[in-house]
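Chemist: Handing you this structure, nothing more for now.
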Amino acid sequence: MAAPLLDLSGITKWYGTTRALGDVDFDLRQGEVHALVGENGAGKSTLLAILSGVVAPDKGTINIDGRAVTIDDPSRAQALGISTVFQELSLAGALTVAENVFVGRAPTACGVIRWSELRRRTQQILSPFGIEIDVGRPVDRLPAGTRQLVEIAKALSLDARILLLDEPTSALTSDEVAALFDIITRLKTRGIGIVYVSHHMAEVFRIADRVTVLRDGRRMTTRAVTETSIDDVVRAMVGRNLEIFAAETALVPGPVALAVRGNGAKGKSRHLELEIRFGEVVGLAGLMGSRRSELARSLVGLRQPSGGTAIEIKGRPTRLRGLRDAMARGIAYVPDDRKAEGLFLSMSVTDNFVVTALRRFARLGWIERAAATAAAGRAVERFRIRVPSLAAAAGKLSGGNQQKLMLSKWLASDPAIVVIDEPTKGVDVEAKREIHKEIRRLAAAGKAILLISSDLPELFTISDRIVVMREGQIVGDLPTRLATEESVMALASGIGHKREGEAA
Amino acid sequence: MSVDEVGRWPSRVGSRVLRRFVETRELTLLVLIVAIIVGMSLASPVFLSLANFRAIAIGMAPTVIIAVGMTVLLVSGGFDLSVGSVLALASTVTALLLLSGASIPLAILGALALGVIIGLANGIVVTRIGVNPLVATLGSMSIARGIALVLTEGFSLINLPPAFGWAGRAEILGLPFLLWVALALVVVFDLAMRHGSFFRQLYYIGSNEKAARLSGLAVDRVRTLAYMLSGLLAALAGVLLASRLMSGTPTAGNALELQVLAAAVIGGASLRGGEGTVLGAFLGVVFVALINNAMTMLAVSIYWQMIVTGAVLVVAVALDMLVRRGDE
């Protein structure tokens, strides 16, 4: 039998002291779709990054057509016939489809672009796949699904033999997904191998030939989809013993702090009801595209609640006029992107800590430095944030410590209700534990907490209840001790379409 | 502090002191300023004289006042090209009001109010409509200058009431009143930017606007107020200039915005926002003024002075970038 198109063996990658991948084997045959699944942090993105030349593995070999290769930068990956379609699309919005497909390689005559030739060649690439787009249109006038196709066309124009697709359907409608799958099928017949990364089990079982499960940077299993089942794959993804805080510490929750009421939009029977009580942690689960972030942002005044729903704070219907309004009502929002939305990286630890409570640390408009520093010092101690000094720039801290600083900063304003988005993204295990304990402590102190996380074990570790969202609706609301990772996954991805354990 | 860090401290102390020195822009500038003064005192007999220093002080006072507002704006991530034009417009409006019989306080208030209104307009266009500050204030720069020229048909307005010239001529404790005003503003705003709860917000906004918004700061309101402050201070500089020259001059302050920006950036402000101090900007103005004065003393042509100022700006920023890159 001929050598596989792509063959990885013993791939290992460390980020500092965190092992992202350990001794992972992976192979891809011609004309095959090989799905790569796993929870967040399982190592899928690292594997893709290695294949596309963005990061180099610490150990392991990569063979293409049986020959050993090194992929040390993205252009090398391209030369080897590997093209990546990342989640964040890399198109120039103002330029036309044709220009995007042939970026940097447009046909020219004496340095002048030959527009008709460019359009013709683009058509040539698109038409075999039945993709019908006006190639002269600017990309940002196209719907999201079509843009994804342009991205794929761009990859094909580079004569890619190996296509890496990272969550290609997260922004697509079901029609667009069907069109994409149609194209994938045609690509297979041309012998192109596809690595397909996805959270959606149903899709994986529809389109993939084989599936490899990663967990905590290790390969758990590789099976033909015909020889396995969604249940087996999900079990391989999540199976582990969990340390559950919730059960031991759960108190009798207090009155309802924050609630979303009402059946949602436009005729469809959209179900969107949620209650969070003082003293409890409610975990919000859902896959990409489940709109749980939108729900969270509407709870803190950052966007209008979706049609037909209303927000109640402490039992009273409230229209939030913005985040400041929400803060004035005792709600804090800890965003997920600590670098872009959470911290002021060039400013000191103290400055970062006091920002939400500038007024509290000021007298007659003058900040009392001593009081601010003392309060920041107490927070650093309490959250065990490891800092060189209180005057050090926040950007110098490690990811876990930045995350703790961010949490402490929003608690400086002493909110009664806290909405936390992905509190442990990219932090090490130890910091994660401390953050989890801190969140439990907040609940024990009577605060109402909504936790949004893509990390299922995390939800199970600290939530009292788990609420599952899919496509903008709440499809499950169950006490953590009655939930299993399998049942949450099933609800989130819509397998079985059953509604479990609705809260009474 | 962990043992590890304590252990590493001694070996790094030398480079830290050096870095601290380079990082503290004010200190670097101060040393350079002293160096220029010492060097020039040796090179030119006229340089180290009260008359020369007074001339420098009076000449740079309007620039200092405007640099205060510009720094506040730069820190917030904003930018104001209209300051030179607002200075000219304020000077002509004061003169026009005085010539039409308005009392001196009324004329001054009128001009200051106009500066605030232009700043408000800049602020609204930038924050609410989302026009890039460069474009927005390039527009208002042209409009304000145009209005000043239309109002005066391009001529300077003279024959202002003698009492109006007090501010431009007066001396307190042997120093020009103009200098006192500029210094007072520098001290007040430098302290406010370091300790004032309102002005501290500007650093957050300039350093990460999105995070500032999500931290509950009233980003748009604060930024608009910074534009208004810049307009107000530019107008104040215009009123004081009119008092000193005893005329309303529609062509005054040409290219002043670039000088002010250069001084603020030399003084440590960043065009990306989040960084800079009023004291640094003040020292930047002094530094540039001294260099220009030195070149005049050494009989270098005024045209060459422009070239040197530009070169100093680029070198200062380039050095800053290099130091930062070494940091990473």
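Just so it is clear, none of the values below were taken in a lab; they were calculated from the coordinates. Just so it is clear, the structure is predicted and the values come from calculations on it, not from any experiment. Virtual Cβ from ideal backbone geometry, glycine too; neighbours counted across all protein chains shown.
Chemist: Please name which of B:255, B:102, B:115 has its Cα lying farthest along the dipole of segment B:29-327 towards the positive end, using unit charges on Cβ (Lys, Arg +1; Asp, Glu -1) and the Cα centre as origin.
Modeler: Farthest towards the positive pole: B:115.
Chemist: With a 10 Å radius around each residue's Cβ, average the other Cβ atoms per peptide and rank B:248-254, A:57-63, highest first.
Modeler: Those peptides, ordered most packed to least, come out B:248-254, A:57-63.
Chemist: Next question, about the same structure. How many Cβ atoms of partner chains, on average, are near each residue of A:344-355 if near means within 10 Å of its Cβ?
Modeler: 5
Chemist: Here is a further query. Going by average Cβ density within 10 Å per residue, which order do the peptides A:157-163, A:417-423, A:187-193 take, highest to lowest?
Modeler: Highest to lowest by the protection proxy: A:417-423, A:157-163, A:187-193.
Chemist: Follow-up question, since we're still on this one. I'd like the distance between the alpha-carbon centres of segment B:51-95 and segment B:132-176, rounded to an integer number of Å.
Modeler: When both Cα centres are located, 10 Å separates them.
Chemist: Sticking with this one: Which helices of chain A meet both criteria: a Cα extent of 15 Å or more along the helical axis and a mean Kyte-Doolittle score no lower than -0.5, with helices taken as whole DSSP H segments?
Modeler: In chain A, the long hydrophobic H runs are A:144-157, A:174-189, A:369-382.
Chemist: While we're here: For chain A, what relative contact order do you get, as a whole percent, if you take Cα pairs closer than 8 Å and at least 6 residues apart?
Modeler: 15 percent
Chemist: Express the relative contact order of segment A:6-238 as a whole percentage, based on alpha carbon pairs under 8 Å and six or more residues apart in sequence.
Modeler: So the answer I get is 29 percent.
Chemist: Give a residue-ordered list of calculated ³J(HN,Hα) values for segment A:52-57 (Karplus: 6.51 cos²θ - 1.76 cosθ + 1.60, θ = phi - 60°; whole Hz; x for Gly, Pro).
Modeler: Result, ordered by residue: 8, x, 7, 10, 9, x Hz.
Chemist: Roughly how many debye, to the nearest 20, is the charge dipole of chain B about its Cα centre, given +1 on each Lys and Arg Cβ, -1 on each Asp and Glu Cβ, and no other charges?
Modeler: Value, rounded to 20: 320 debye.
Chemist: Relative contact order (percent) for chain B, with alpha-carbon contacts under 8 angstrom and 6 or more residues of separation?
Modeler: Once normalised by length, the contact order is 33 percent.
Chemist: Provide the FRET efficiency to the nearest 0.05 for the residue A:392-residue B:210 pair, computing r from the beta carbons and using R0 = 22 Å.
Modeler: 0.50
Chemist: Full extension from residue A:360 to residue A:314: what is 0.36 nm times the residue separation minus their Cα-Cα distance, to one decimal in nm?
Modeler: Gain on extension, residue A:360 to residue A:314, equals 14.1 nm.
Chemist: Pull up all non-local amide H partners of residue A:284: gap of 5 or more, or a different chain, and H-to-H distance under 5 Å with H placed in the peptide plane.
Modeler: A:451, A:452, A:453, A:467
Chemist: Sticking with this one: Return the distance in nm (one decimal) between the two label points of a simple spin-label model at residue A:134 and residue B:321, each offset 7 Å from Cα along Cα→Cβ.
Modeler: For residue A:134 paired with residue B:321, the spin-label model returns 4.1 nm.
Chemist: Right, something else. Enumerate the amide H contacts of residue A:215 below 5 Å, restricted to partners 5 or more residues apart or on another chain; note that Pro and chain-start residues carry no placed amide H.
Modeler: Counting only residues 5 or more places away or on other chains, the set is A:220.
Chemist: Can you tally the net charge around residue A:188? Count Lys and Arg as +1, Asp and Glu as -1, for every other residue whose Cβ sits under 15 Å from the Cβ of residue A:188.
Modeler: In short, +3.
Chemist: For residue A:303, enumerate residues with amide H under 5 Å from its amide H, sequence gap 5+ or separate chain, H modeled in the peptide plane.
Modeler: Amide H neighbours of residue A:303, under 5 Å, 5+ apart: A:298.
Chemist: Under a straight-distance cross-link criterion of Cα-Cα below 28 Å, which lysines are reachable from residue A:154, leaving out those fewer than 8 residues away in the same chain?
Modeler: Cα-Cα hits under 28 Å: A:44, A:188.
Chemist: Could I ask something else about it? Based on the Cβ-Cβ distance of residue A:63 and residue A:159, what FRET efficiency does E = 1/(1 + (r/R0)^6) give at R0 = 25 Å, to the nearest 0.05?
Modeler: 0.80
Chemist: Further question: Treating cross-link reach as a plain straight distance, find the aspartates and glutamates whose alpha-carbon is under 13 Å from the alpha-carbon of residue B:210, omitting any fewer than eight places away in the same chain.
Modeler: A:336, A:337, A:341, B:220
Chemist: Just checking the output field for A:333-343: average partner chain Cβ neighbours within 10 Å of each residue's Cβ?
Modeler: So the per-residue partner count for this stretch is 3.
Chemist: Oh, and also: Roughly how many Å is it from the Cα centre of segment B:252-323 to that of segment A:424-455, as a whole number?
Modeler: 49 Å
Chemist: Can you figure out the FRET efficiency of residue A:369 with residue B:221, using R₀ = 25 Å and their beta-carbon distance, to the nearest 0.05?
Modeler: 0.50
Chemist: Then there is this: Shape of chain B from its Cα gyration tensor (a ≥ b ≥ c, root eigenvalues): rounded if a/c is under 1.5, otherwise prolate when a/b > b/c, or oblate?
Modeler: Note, shape of chain B comes out oblate.
Chemist: Same structure, new question: Other chains' Cβ within 10 Å of A:279-289 residues: what's the mean?
Modeler: So the per-residue partner count for this stretch is 0.
Chemist: Now for a different question. Can you run phi through the Karplus equation (6.51, -1.76, 1.60; θ = phi - 60°) for segment A:448-459 and list ³J(HN,Hα) in whole Hz, with x for Gly and Pro?
Modeler: My calculation for segment A:448-459 gives 9, 10, 10, 10, 9, 8, 8, 9, 4, x, 4, 4 Hz in order.
Chemist: Filter A:59/A:404; A:425/A:447; A:13/A:432 down to the pairs with a C-alpha to C-alpha distance above 29 Å, please.
Modeler: The pairs that break the limit, which is 29 Å between Cα atoms, are A:59/A:404.
Chemist: Looking at A:70, A:107, A:31, which one has the Cα that reaches farthest to the positive end of the dipole of segment A:6-238 (charges on Cβ: Lys, Arg +1; Asp, Glu -1)?
Modeler: So the residue furthest toward the plus end is A:107.
Chemist: Label the protein assembly as shown by shape, choosing from rounded, prolate and oblate, from the square roots a ≥ b ≥ c of the eigenvalues of the Cα gyration tensor; if a/c is under 1.5 it is rounded, and otherwise prolate applies when a/b is larger than b/c, oblate when it is not.
Modeler: Judged from the Cα gyration tensor, the protein assembly as shown comes out prolate (a/c at least 1.5, a/b above b/c).
Chemist: On to the next question. Any chance you could run the full-extension gain for residue A:76 through residue A:170? It's 0.36 nm times the residue separation minus the Cα-Cα distance, nm to one decimal.
Modeler: 31.0 nm
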